[in-house]
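The values are calculated or read from the model by the stated rules, or taken from the named source; none is laboratory data. Every value quoted in this text rests on a predicted model; they were computed, and no experiment measured them. For neighbour counting, all protein chains shown are included, and Cβ atoms are generated from backbone atoms with ideal geometry for every residue, glycine included. For accessibility, only protein heavy atoms count, side chains too; no ligands or nucleic acids. Shrake-Rupley method; radii C 1.70, N 1.55, O 1.52, S 1.80 Å.
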Amino acid sequence: MNTLTKRLKDRYGYAMTVLRGLVKTDFKMRYQGSFLGVAWSVLKPLLLFVVMYIVFAKFLRLTDHTSTYPVVLLLGVCSWQFVSETIGIGLRSIVDRGDLLRKVHFPNYIVVVSASIGSLISLGINYAVVLVFALFQHVEFTWRVLWLPINLVELYIVSLALALIFATCYVYFRDIAHIWEVLSQILFYAMPIMYPLSYVTDKGGVYASLAKLELLNPIAQTIQDIRHNFIAPATQPTVWNSFNSWWEKSIPLVIVIVLAWFSVYIFRRNSRRFAEVM
């Protein structure tokens, strides 16, 4: 028993050492040769936010007409950037690290997890910027900010699960990268990121029903929850205050659980063949 426990501890310690090394290497290589370096992790979502705010909020008037909307928009952009980056980098991680996987024996999932942690670090930096903006906008924080860790865990699980699935598929089919590029654009415009959800619900009728369906998407649901709990609980609809029955409210969580299970299942089933296929 003691031998088994020691062996498990050694294996866990080895895995954590490899994970730390890969995270440091990935984060350094991400901005290697760049003049601004890590500053790009802040500048990219900020520049996208500026463009979206000018085009959609100022010219097209897609806004909820509140003083907190710019911060809500920035928060949505940063959250989506994390999802997109985690999946985009994660799906290529196994193939990009193919030489390492052939030479060194360690669990393959660590490669995908390390890519996701690099994106998580960038998200933390971006949220710090959002917090500064929120303070300048005199946002009145409520006790709901205590729910943020749970919201972030859910967002991370969804992103990592999709990254594991796409990474598995990418080993066999390189077209997955192009499919994800198209799919990410569809998801971006299909979710209330660049426009407030109230802009759709206020139209009533079938549009209000479509807005509710948007909230059943775990990514949209989580981003709305983050906006609601962090910045604007009074103006941001969530799945929790848009549906009456608990079974409807639980749909996004059920999807997350099933997605997480399926991603682990399909990755573990195929991981032993990665080195052979590549």
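For Val51, what charge total do you get from the other residues with a beta carbon under 12 Å from its beta carbon, if Lys and Arg give +1 and Asp and Glu give -1?
Working: positive: Lys44, Lys58; negative: none.
The answer is +2.
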Margin query: Rolling a 1.4 Å sphere over the protein heavy atoms, what is the accessible area per residue of region 71-212, to the nearest Å²?
Written below: 46 Å²
Notebook entry, point to check: Which GluC sites (Glu not before Pro) from region 74-172 combine a DSSP loop assignment with at most 13 other Cβ atoms within 10 Å?
Noted result: Glu140
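Given charges of +1 on the Cβ of Lys and Arg and -1 on the Cβ of Asp and Glu, with all other atoms neutral, how large is the dipole of region 75-157 about its Cα centre, in debye to the nearest 20?
280 debye
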Check: If you average 1/r over all unlike Cα pairs in region 179-230 and invert the result, what Kirkwood radius do you get in angstrom?
Finding: 11.6 Å
